[in-house]
Amino acid sequence: MTEAIALDDVCVRRGTDMVVHSLSLAIDQGTWFGLMGANGSGKTTLLRALAGRLPIARGTCRLLGAELAGRRAARAAQMGFAPPIESLPEMMRVREALALVGGDLDTAIGNIEGLGDAMAIPGLLDRWIGDCSSGMRQRVAIALAFAGGREIVILDEPFNWLDPVAAFDIRHVLRARVDKGLTLVTALHDIPTLTTCCDAGLVMAEGHAALTLTKDQLIKGAMDPLSFESDMIQALRTRTWT
């Protein structure tokens, strides 16, 4: 299977602090990759670097075969990325934000496909983003990640703020999009989504890779979630980085 993302010995700084340390991973095209770890483990920093929002201090980063470690704008152009909800432009209507990312509203809506209905985006189009609740903003942020029609999409804890029905529907649509060829990378906090939706994953601890997760391991984890959770917690406690 062709790699969508391949990192080797990647380090990322936030300001003067090195947050991600010598991290290597490979993500195949057309798969859902889950990233887990405690708060402050480096998940968001890694995702922001992948998406070109932060520079990569050291290492190699290949996206769809092209080496882009030193090219932030090129990485950003390859990725759909959900902005943090607090950074969404409050003085813009939802339709305007989607059109800005997609080039025009019709193209953006077409790129969102079934997600638009799952997230009730048509009912939000004429709302000012500043008037949206946190749950509405989360749906808008996810929609913006898909509006540009990219082959790789990064979502940082996408199910925060969502009610159970919306989270359920969105998970199923995302899984269907992956099955059709999308490469999806998500930071997650819930083990059920990791084990039932993802094809592979990584647990991070203090900016290091603490535990890599294969499809077989995730299938076993879905069958025995308590043991799976215990194994991950043990990896984090002992900091046995791989």
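The values are calculated or read from the model by the stated rules, or taken from the named source; none is laboratory data. As the structure is a computational prediction, the values presented were derived from the model and not from experiment. A quick note on method: Cβ atoms are made from the backbone with ideal geometry, for glycine too, and the neighbour counts reach across all protein chains shown.
Looking at the structure I just gave you, is I129 closer than 21 Å to R171 by Cα and buried (at least 16 other Cβ atoms within 10 Å of the Cβ)? Here the answer is no, as I129 does not meet what is asked.
Taking segment 145-183, which residues are aromatic (F, W, Y) and under 18 Å from P84 (Cα atoms)? Listed by number, the residues that qualify are F146, F159, W161. Residues in segment 204-230 that are farther than 25 Å from L7 by Cα and among the acidic types (D, E) were compared, and the one that is surrounded by the fewest Cβ atoms within 10 Å (Cβ to Cβ) is D224. The number of residues in segment 132-143 being touching a residue at least 24 places away in the same chain (Cβ under 8 Å), surrounded by 18 or more Cβ atoms within 10 Å (Cβ to Cβ) and not basic (K, R) comes to 6. Taking segment 116-126 as the range and being part of a loop (DSSP other than H, G, I, E, B) and among the acidic types (D, E) as the test, only D126 passes. Just to be sure, is L236 modelled with pLDDT under 90, under 22 Å from the mean Cα position of the chain (by Cα) and under 22 Å from L46 (Cα atoms)? Answer is yes for this residue.
Could you please find all residues in segment 165-203 being loosely packed, with under 15 Cβ neighbours inside 10 Å and either of a type in the set (A, V, I, L, M) or in contact with a strand residue (DSSP E or B) (Cβ under 6 Å, 6 or more places away or on another chain) (or both)? The answer is V165, A176.
Considering A108, A118, the condition of being in contact with a helix residue (DSSP H, G or I) (Cβ under 6 Å, 6 or more places away or on another chain), surrounded by 15 or more Cβ atoms within 10 Å (Cβ to Cβ) and closer than 15 Å to G148 by Cα is satisfied by A108 alone. Checked against the criterion of being buried (at least 18 other Cβ atoms within 10 Å of the Cβ) and acidic (D, E), the candidates E151, E157 yield just one match: E157.
Exactly one residue out of L68, L7, L54 is surrounded by 15 or more Cβ atoms within 10 Å (Cβ to Cβ) and under 24 Å from T193 (Cβ atoms), and it is L7.
Go through segment 153-184 and count every residue that is aliphatic (A, V, I, L, M) and closer than 18 Å to I5 by Cβ. Residues meeting the conditions: 7.
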